[in-house]
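Engineer: Before we start, here is the structure in question, set down as structure tokens.
The values are calculated or read from the model by the stated rules, or taken from the named source; none is laboratory data. Only a predicted model underlies this, so the values are computations on that prediction, with no experimental measurement involved. Using ideal geometry, Cβ is built from the backbone for each residue, glycine included, and neighbour counts are taken over all protein chains shown.
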Amino acid sequence: MLRRSFIKLLSFGGPAAITFPSIGFAADKNENIVNPETREYWVNVLTKIAHPVLSNLSEGKLALNMPVQVHPDNKRDRSNVTRLEAFGRLIAGISPWLELGEDGSTEGKLRAQYIGWTRKSIAHAVDPTSRDFMDFHNEGQALVDTAFLAHGLLRAPKQLWEPLDSTVKANVIAAFKSSRDVKPGYNNWLLFSAMVEAFLLKTGNGADLMRIDFAIKKHLEWYKGDGTYGDGNEFHWDYYNSFVIQPMLLDVTKVLVDSGKEKKELYEQVLKRAQRYAEVQERMISPEGTYPPLGRSLAYRFGAFQTLAQLALTNTLPETLHPAQVRSALSAVIDRSISGVDTFDKSGWLNIGFCGHQPRVAEIYISTGSLYLCSVGLLPLGLPPADAFWTAPAEEWTSKRIWSGKEVRMDHALE
């Protein structure tokens, strides 16, 4: 089932389908990329997703060419927010891969192209004179996606922050600080404010530490046990522990510890809980590479596994999970999701859906740009090709093993 020819994936797009004529990464050997567990497959998935966003924004043409798809019954105008959604969320996912930088390999040359596009895209997004200047403060959604963009820049400082010229940096800081105009909700949104401030702290640009401290303290209060936080006081059966809470809590607390503002014990506590949540996520992946369609924001697709992907990226997986086991499990999910019918439109943009094109899956806050949070499921591409995550032989994940009658370890709650 998993051994689909990659030519099928490429066929979803029209003019924007990824064939890399100047690089040749997949152009001449599509038929040979049949194993979703290969790094080549993951890179091609990521660049197919990223291509229309970055190729257009780097030329100042995103507002001109990006579609705005919503639920068929949704009358809300999302055109003012959808571009920052697409850009911020995509950068949150693609940045670890870009941080590897350029090298002489075919993949390294491809990365160079995307690094160049991304730097130009950042400049357009924060330039008030650009037709692709984005709204960082006029409504609540602006705070959400400012935070995703800040998260992406934190994940790739050497490639996406340090090389920017002083004018672009000043525009980024001004845009980020303008998001303070948005009052966050009393739930996971507190972490959006905290993430923006964490970036300002990391770069020495006048962070508001109270916003960070309040977000962390409230989430520690909202912890429900066994590796799971409430979204506010209430527990929700959805994937927001992975879309937002666990990854942002991990990286915000790490910035605090690295800056000498918190003790390392706080980060260790947050990491231990995230490791338990990652164990649960791995066990939720069925032998067929499916997972339960629970809760809000199903249109974010395999972005639901950001926590598992992030712990693989940072080499902090629990001892119970082997990197190759996680690669196999995530590959199965990505393949099932991306290969759905009409996942992409004729121009290569993502369509709304959980598996394919299912526009009625969308909540009222979902539009085309929202969908690019799927990219955070590909975070392990920030590991170099020689890492064991990529080189170790494939391993069956827990559900695949147990449903084939093989032994698995006992599962235990986090005390």
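Engineer: Going by the structure shown, is residue 366 buried (at least 24 other Cβ atoms within 10 Å of the Cβ) and over 30 Å from residue 315 (Cα atoms)?
Structural biologist: yes
Engineer: To continue, here is another question. Can you pull out every residue in segment 362-412 that is among the acidic types (Asp, Glu) and farther than 22 Å from residue 291 by Cα?
Structural biologist: Initial filter on segment 362-412 (among the acidic types (Asp, Glu)): 363, 387, 395-396, 407, 411.
387 - this is the single residue of segment 362-412 that is among the acidic types (Asp, Glu) and farther than 22 Å from residue 291 by Cα.
Engineer: Same structure again: What are the residues in segment 269-318 that are closer than 19 Å to residue 402 by Cα and touching a Ser or Thr at 6+ places or on another chain (Cβ under 7 Å), if any?
Structural biologist: Start the filter on segment 269-318 by keeping residues that are closer than 19 Å to residue 402 by Cα, which leaves 278-292.
Of everything in segment 269-318, those that are closer than 19 Å to residue 402 by Cα and touching a Ser or Thr at 6+ places or on another chain (Cβ under 7 Å) turn out to be 278, 279, 281, 282, 283, 285, 286, 287.
Engineer: Kindly indicate whether any position in segment 285-302 is in a helix (DSSP H, G or I) and farther than 29 Å from residue 193 by Cα.
Structural biologist: First pass over segment 285-302, keeping only residues in a helix (DSSP H, G or I): 298-302.
Filter again for farther than 29 Å from residue 193 by Cα, leaving none.
For segment 285-302, residues in a helix (DSSP H, G or I) and farther than 29 Å from residue 193 by Cα: absent.
Engineer: Further question: Just the residues that are assigned to a helix (DSSP H, G or I) and among the hydroxyl-bearing types (Ser, Thr, Tyr), please, taken from segment 256-284. If you could, list the steps in order and put the result at the bottom.
Structural biologist: Residues of segment 256-284 that are assigned to a helix (DSSP H, G or I), as a first pass: 256-258, 264-284.
The answer is 267, 277.
Engineer: Here's a follow-up. Kindly establish whether residue 301 is over 14 Å from residue 397 (Cα atoms) and surrounded by fewer than 17 Cβ atoms within 10 Å (Cβ to Cβ).
Structural biologist: no
Engineer: Here are some residues: 57, 62. Which one is within 20 Å of residue 96 (Cα to Cα) and in contact (Cβ under 8 Å) with a residue 12 or more places away in the chain?
Structural biologist: Values: 62 fails: within 20 Å of residue 96 (Cα to Cα).
Every option except 57 fails the conditions.
Engineer: Continuing with the same structure: Just name the residue that is surrounded by the fewest Cβ atoms within 10 Å (Cβ to Cβ) out of those in segment 189-243 that are in contact (Cβ under 8 Å) with a residue 60 or more places away in the chain and not polar (S, T, N, Q).
Structural biologist: Pass one, segment 189-243, residues in contact (Cβ under 8 Å) with a residue 60 or more places away in the chain: 191, 201, 225-227, 236, 239, 241-243.
Pick out the ones that are also not polar (S, T, N, Q) and you get 191, 201, 225-227, 236, 239, 243.
Values: 191: 28, 201: 21, 225: 12, 226: 14, 227: 22, 236: 17, 239: 25, 243: 24.
Out of the qualifying residues, it is 225.
Engineer: Could I ask something else about it? Name the one entry in 349, 390, 397 that is in contact with a Pro (Cβ under 6 Å, 6 or more places away or on another chain) and either modelled with pLDDT of 95 or more or surrounded by fewer than 19 Cβ atoms within 10 Å (Cβ to Cβ) (or both).
Structural biologist: Working: 390 fails: in contact with a Pro (Cβ under 6 Å, 6 or more places away or on another chain); 397 fails: in contact with a Pro (Cβ under 6 Å, 6 or more places away or on another chain).
Result of the check over 349, 390, 397: 349.
Engineer: Here is a check on your reading of the model: is residue 153 of a type in the set (A, V, I, L, M) and not in a helix (DSSP H, G or I)? Let's see the steps before the verdict.
Structural biologist: Details: of a type in the set (A, V, I, L, M): yes; not in a helix (DSSP H, G or I): no.
Here the answer is no, as residue 153 does not meet what is asked.
Engineer: Among the helices (runs of 4 or more DSSP H) lying completely within segment 46-138, list those that include at least 3 residues that are at pLDDT 95 or above and within 22 Å of residue 334 (Cα to Cα). If you could, list the steps in order and put the result at the bottom.
Structural biologist: On the way: elements: 62-65, 82-99, 106-126.
The qualifying helices (runs of 4 or more DSSP H) are 82-99, 106-126.
Engineer: Something else about it: Could you check segment 307-404 for helices (runs of 4 or more DSSP H) lying wholly inside it with 1 or more residues that are touching a Gly at 6+ places or on another chain (Cβ under 9 Å) and of a type in the set (Val, Ile, Thr)?
Structural biologist: Of the helices (runs of 4 or more DSSP H) lying wholly inside segment 307-404, those with at least 1 residues that are touching a Gly at 6+ places or on another chain (Cβ under 9 Å) and of a type in the set (Val, Ile, Thr) span 323-338.
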